[in-house]
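K.L.:
I am attaching a structure below and will ask some questions about it afterwards.
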Protein chains: 2
Amino acid sequence: MKDIIVQKFGGTSVADIGKMKNVADVIIKEKENGNDVVVVVSAMGHTTDHLVKLAHEINPNPSERELDMLMSTGECVSMSLLTMALQAKGYKAVSYNAAQIGIITENVHTKARIVDIKTDRLRKSLEEGKIIVIAGFQGVTTDGEITTLGRGGSDTSAVAIASALGAKRCDIYTDVEGVYTTDPRVVPNASRLNEISYEEMLELAHAGANVLHPRSVETAKQYKMPLRVRSTFKYENKGTLILGVEDMEINKPVAGVAADLSQIRVVVCDIPDTPGEAAILFGSLAKENISVDMIIQSYARKSSNTNDIAFTINKEDLAKTQEVLFSVKDKLNAGDISFDDNIAKVSIIGAGMIDRPGIASTMFKTLADNGINIRMISTSEIKISCLINKEDAQKAVKALHEIFNLGCDEIAEVKGTLPDV
Amino acid sequence: MKDIIVQKFGGTSVADIGKMKNVADVIIKEKENGNDVVVVVSAMGHTTDHLVKLAHEINPNPSERELDMLMSTGECVSMSLLTMALQAKGYKAVSYNAAQIGIITENVHTKARIVDIKTDRLRKSLEEGKIIVIAGFQGVTTDGEITTLGRGGSDTSAVAIASALGAKRCDIYTDVEGVYTTDPRVVPNASRLNEISYEEMLELAHAGANVLHPRSVETAKQYKMPLRVRSTFKYENKGTLILGVEDMEINKPVAGVAADLSQIRVVVCDIPDTPGEAAILFGSLAKENISVDMIIQSYARKSSNTNDIAFTINKEDLAKTQEVLFSVKDKLNAGDISFDDNIAKVSIIGAGMIDRPGIASTMFKTLADNGINIRMISTSEIKISCLINKEDAQKAVKALHEIFNLGCDEIAEVKGTLPDV
């Protein structure tokens, strides 16, 4: 039996007819390598954004069910056009939407999770020698309602389909050449990683490296599905393979450095030092689905017997957070609440740091040597994050990248503009 | 139980967000009249043409299955946006594609026929007080393959759904105000018909009045579903009701005059006068799905013992017809084959002509009085057609419209440009 390779192509890879023909060539190369190929495709270019804009023009508050009905059409357009491109080059190919295969999700709109994928129809088409092209981002409930999977949804579709089919590998084709030790726009000699573990990739993703959505990495980790991030436009470049830490040979304690500029620091002052106050605070935030990252509680002040609690949230949750906090403020009997967006979270990530002491102190010393003040610290087994002032973010990334010896001799091809700092 | 009204809106009625909001108002008026409302909608404006163009850019000969996958997305976009427009105005509404309801068709692509429509889901939504918006033009096979219904497909969807639900009426909203005695662009005082029978409408449609596709009228006739053609932009105008001839009071022998400029006259000369020759000729054409209209066979010439056979075909079948004829020419041992597109078929239509003699002779005399030469004639119970030279078409229509007293005092609002004559 042939190996199955699942390939996923994002919106920029299929933005127009010319690019779609290029993608067809990439697919055919994998087929000619002797593999069975299953393709997952996103909507062309900015189609989804355009559809959402239309929806808001007709209804300022469109129902999520109808939004899903609308948005799911984008992938159906690209899948059928891509299938036609393959057929034009003389290959047998067939497109399927989520309902036709049975990509079953929970009954939740705009951010459903996949619960099951039927493979009968897929296996039959593969047996017939066909290349299969599947609409990403969408699912269907057991009642036949159309759902979408939210951000990074097509990546998640690809990984879930690869797992269901027992594929050899899932290749995520994108406009970057792989996963880098840090943002090449900040550090020009950043190295492309040949391999990285799921855990490291997850921490990198959460820490602001926007190559893959965390959910797709989590799914790959769960099913131990090797994931390759590679460039649609440079097939000869093998990109970065993401796999289980047990399958890796770890040479360096730190695999990458990332800066996250999308956090906001919140401080709630003068909370009475009585049991249960923190639970009320974070319970209320959790109820509204607000993710809280770093948390620091000050020592209780003897004089007033109150605490300050500081934590970080994502920028896009600011309005919701303010609403929640002002509604529980009185209940908590708390004092002032302040918000600060002049912050950056700089993280070093590496599965190798577990059994090598001194990594944290090297990080703190390097920041200090560069005159950078650390405002908060959080750590996990494979990550150390420091909250610093936004204007120090680039300097910090450069210094940490150098001290942990992550650079290479080549200068990476720089794409896009530097994020606002 | 409330009456169910099915409303169908074409592409020009939902061409943009503004027009879609207008359509929502029309739907709401019908709902506020105390009816249950089921809406069938086409793709926005020229969406389908645009998708087909993309398909041909990527593959000069796209597979019909993938074309159906592609084209069916257009209606899914408009149905969800229209549903959002209804919700924005405070009404409960839900959209369904063909697969979700179960609009079952034969397993044929790009021109499938509906074989069954499930109504469970529709009835449940109506019971919940919802306005239902359905994607027209599309169906699904029992294997879950997506099909489309071909030209006039959304009209056919609407009529079939109305029949399945036992609706009181099916309203076809369009950019004209109804069915006219003839093309108002040719005869400015053409009258809008208040009523017309299915049979007359069918003949009118086949004779070149492009208001409704014949298939939708046939379906309506089969299920005795009253059909109203009316303007999206003038709700107060009741349009034209199409119904069974038994339910009509017929005042005039002739209901309308139509000219069809899309025919081509074919003459196959010197066919030996032996049995079976015509069967071979028309059998070969039928096998290629070429519709043949008027047929005339000349008397066999004594000298050579051969016939000439003349018939008309549709312009778009010309290439296919030439192919078939040149391949059977030798088998028939026939002589020259000629094609003439300088022709027009002018028809008078009326259920009232069955029991009123003299209609045909009035038509022939009127044409003769106007110096118009008749090249071929064909008749049915409710239609008489004459083939004439193209340049005489307008003169013929005007003269026949007047002699059969079809005009009214008002000048119809003229839309569009006159067809090429």
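K.L.:
Size of the dipole of the protein assembly as shown about the Cα centre, Lys and Arg at +1 and Asp and Glu at -1 on the beta carbon, nothing else charged, in debye to 20?
P.N.:
So the magnitude is around 300 debye.
K.L.:
Please give the length that would be gained between B:Val115 and B:Ile280 if that part of the chain were fully extended, namely 0.36 nm times their separation in residues minus their C-alpha to C-alpha distance (nm, one decimal).
P.N.:
Going from the current span to full extension adds 56.2 nm.
K.L.:
If R0 is 35 Å, what FRET efficiency do you get for B:Asn194 and A:Glu64 from their C-beta distance, rounded to 0.05?
P.N.:
0.20
K.L.:
With viscosity set to 1.567 mPa s at 4 °C, what whole-number translational diffusion coefficient in µm²/s follows for chain B from Stokes-Einstein and a Kirkwood radius over Cα pairs?
P.N.:
Diffusion coefficient, whole number: 56 µm²/s.
K.L.:
Semi-axes of the stretch B:136-281's equivalent ellipsoid from the Cα gyration tensor, sqrt of 5 times each eigenvalue, largest first, rounded to whole Å?
P.N.:
Ellipsoid half-lengths, sorted descending, are 30, 24, 15 Å.
K.L.:
Then there is this: Can you list the copy-to-copy distances for A:Asn251, using a point 7 angstrom from Cα toward Cβ, in nanometres, shortest first?
P.N.:
For A:Asn251, the other copies' label points sit at 9.5 nm, shortest first.
K.L.:
Using a 10 Å cut-off on Cβ to Cβ distances, tally the other chain neighbours for every residue of B:51-60 and report the average as a whole number.
P.N.:
Mean partner-chain Cβ count within 10 Å for B:51-60: 5.
K.L.:
Relative contact order of the stretch B:189-307: what whole-number percent is it, with Cα pairs under 8 angstrom and at least 6 residues apart?
P.N.:
So the answer I get is 25 percent.
K.L.:
In addition: DSSP beta bridges in the stretch B:63-176, what fraction antiparallel, as a percent rounded to 5?
P.N.:
Of the beta bridges lying entirely in the stretch B:63-176, close to 55 percent run antiparallel.
K.L.:
Compute the helix-to-body angle for B:318-332: its Cα long axis versus the longest principal axis of chain B, expressed 0 to 90° and rounded to tens.
P.N.:
Once rounded, the angle reads 40 degrees.
K.L.:
From Cα pairs below 8 angstrom and at least 6 apart in sequence, can you work out the relative contact order of the stretch B:249-421, rounded to a whole percent?
P.N.:
Here the relative contact order equals 30 percent.
K.L.:
From Cα pairs below 8 angstrom and at least 6 apart in sequence, can you work out the relative contact order of the stretch B:4-174, rounded to a whole percent?
P.N.:
Contact order relative to length: 30 percent.
K.L.:
Taking amide H atoms as placed 1.01 Å from N in the peptide plane, list the residues 5 or more away in sequence, or in a different chain, whose amide H sits under 5 Å from that of B:Met294.
P.N.:
Counting only residues 5 or more places away or on other chains, the set is B:Thr312.
K.L.:
Can I ask one more? Between copies, how close do the B:Glu236 label points come, placed 7 Å along Cα→Cβ, listed in nm from shortest?
P.N.:
Taking the point 7 Å beyond Cα along Cα→Cβ, the inter-copy spacings are 7.4 nm.
K.L.:
Apply the Karplus curve 6.51 cos²θ - 1.76 cosθ + 1.60, θ = phi - 60°, to the phi angles in the stretch B:46-51 and return the couplings in whole Hz, x for Gly and Pro.
P.N.:
Per-residue couplings from phi come out as 9, 3, 4, 4, 4, 5 Hz.
K.L.:
Between copies, how far does the label point of A:Asn342 sit from its twins, in nm, shortest first, when each point is 7 Å from Cα along Cα→Cβ?
P.N.:
8.7
K.L.:
Using just the helices of chain A, give the 222 nm mean residue ellipticity in deg cm²/dmol: DSSP H runs with n ≥ 4 each add -39,500 (n - 2.57), and the total is spread over all residues, rounded to 500.
P.N.:
Per the formula, -10500 deg cm²/dmol.
K.L.:
Next up: Dipole of the stretch A:4-175, Cα-centred, from +1 at each Lys and Arg C-beta and -1 at each Asp and Glu C-beta, to the nearest 20 debye?
P.N.:
Dipole about the Cα centre, nearest 20: 500 debye.
K.L.:
Also, I was wondering about something else. Lysine pairs, Cα distance under 15 Å, 8 or more residues apart or cross-chain: how many in the stretch B:249-421?
P.N.:
Lysine pair count for the stretch B:249-421: 12.
K.L.:
Let me ask something else. What residue in chain B has the Cβ closest to the axis turning B into A, and how close is it in whole Å?
P.N.:
B:Thr73, 2
K.L.:
With the convex hull built on the Cα atoms of the protein assembly as shown, state its orientation-averaged projected area in nm².
P.N.:
Value for the protein assembly as shown: 45.7 nm².
K.L.:
Still on this structure, I have one more. How far is it, in nm, from the label point at A:Ser262 to the one at B:Met1 when both lie 7 Å from their Cα along the line to the Cβ?
P.N.:
Result: 5.2 nm between the two label points.
K.L.:
In the P(r) worked out for the stretch A:197-295, what percent of Cα pairs fall beyond 19 Å?
P.N.:
In whole percent, the long-distance tail amounts to 60.
K.L.:
Which of the GluC sites (Glu not before Pro) found in the stretch B:80-140 are in a DSSP loop and have at most 11 neighbouring Cβ atoms, other than their own, within 10 Å?
P.N.:
Passing sites in the stretch B:80-140 are B:Glu128.
K.L.:
In whole Hz, with x marking every Gly and Pro, tabulate ³J(HN,Hα) for the stretch B:379-395 from phi via Karplus 6.51 cos²θ - 1.76 cosθ + 1.60, θ = phi - 60°.
P.N.:
Whole-Hz 3J(HN,Hα) from phi for the stretch B:379-395: 9, 10, 4, 10, 8, 10, 10, 10, 8, 9, 6, 4, 5, 8, 4, 4, 4.
K.L.:
Scattering from the C-alpha atoms of the stretch A:4-175 alone, worked out with Debye: what is log10 I(q)/I(0) at q = 0.17 1/Å?
P.N.:
-0.97
K.L.:
In µm²/s, what is D for the stretch A:1-77 at 4 °C and 1.567 mPa s, where D = kT/(6 pi eta Rh) by Stokes-Einstein and Rh is the Kirkwood radius from Cα pairs?
P.N.:
For these conditions, the coefficient is 92 µm²/s.
K.L.:
Still on this model: For the stretch A:149-197, compute Rh as the Kirkwood radius over C-alpha pairs and then the Stokes-Einstein diffusion coefficient at 10 °C and 1.306 mPa s; write the answer in µm²/s, rounded to an integer.
P.N.:
123
K.L.:
I've got another one for you. Using the Cα centre of chain B as the reference point, and only Cβ charges (+1 on K/R, -1 on D/E), how large is the resulting charge dipole? Debye, rounded to the nearest 20.
P.N.:
Using only the charged Cβ atoms, the result is roughly 760 debye.
K.L.:
Between B:Asp25 and A:Ile337, what is the FRET efficiency for a Förster distance of 60 Å, r being their Cβ-Cβ separation, to the nearest 0.05?
P.N.:
About 0.80, to the nearest 0.05.
K.L.:
May I pose another question? Using only the C-alpha atoms of the stretch B:89-141, find the volume of their convex hull and express it per residue in Å³.
P.N.:
About 62 Å³ per residue, rounded to a whole number.
K.L.:
How do A:Arg113, B:Arg230 line up, fewest other C-beta atoms within 10 Å first?
P.N.:
By the 10 Å Cβ count, ascending: A:Arg113, B:Arg230.
K.L.:
Roughly what angle does helix A:277-287 make with the longest principal axis of chain A, taking Cα atoms, 0 to 90 degrees, to the nearest 10?
P.N.:
With rounding to tens, the tilt is 20 degrees.
K.L.:
Which residue, chosen from B:Ser262, B:Gly407, B:Ser347, occupies the Cα position most advanced towards the positive end of the dipole of the stretch B:249-421, where the dipole is computed from +1 (Lys, Arg) and -1 (Asp, Glu) charges on Cβ about the Cα centre?
P.N.:
Most positive-ward Cα: B:Ser347.
K.L.:
Turning to a different aspect of this structure: Output wanted: per-residue J couplings in Hz (rounded whole) for the stretch A:138-151, from phi through Karplus 6.51 cos²θ - 1.76 cosθ + 1.60, θ = phi - 60°, x for Gly and Pro.
P.N.:
10, x, 9, 7, 5, 8, x, 7, 8, 10, 10, 9, x, 3
K.L.:
Using the alpha-carbon atoms, what tilt in degrees (0 to 90, nearest 10) does helix B:64-88 show relative to the longest principal axis of chain B?
P.N.:
40
K.L.:
Putting +1 on Lys and Arg Cβ atoms and -1 on Asp and Glu Cβ atoms, find which of B:Tyr173, B:Val187, B:Met201 reaches farthest to the positive end of the dipole of the stretch B:166-210.
P.N.:
My answer, from the dipole projection, is B:Tyr173.
K.L.:
Taking amide hydrogens as modeled 1.01 Å from N in the peptide plane, which residues meet the under 5 Å criterion relative to B:Gln7, leaving out close sequence neighbours?
P.N.:
Hits under the 5 Å cutoff: B:Val38, B:Val39, B:Val40, B:Asp171.
K.L.:
Name the residue farthest towards the positive end of the dipole of chain A from the options A:Val292, A:Ile17, A:Val245, assuming +1 on Cβ of Lys and Arg, -1 on Cβ of Asp and Glu, about the Cα centre.
P.N.:
Positive-end residue among those listed: A:Ile17.
A short reminder: the numbers here are calculations on the coordinates, not readings from a lab. It should be emphasised that the depicted structure is a prediction, and the values quoted were computed from it without experimental measurement. No Cβ is skipped: glycine too gets one built from the backbone with ideal geometry, and neighbour counts run over all protein chains shown.
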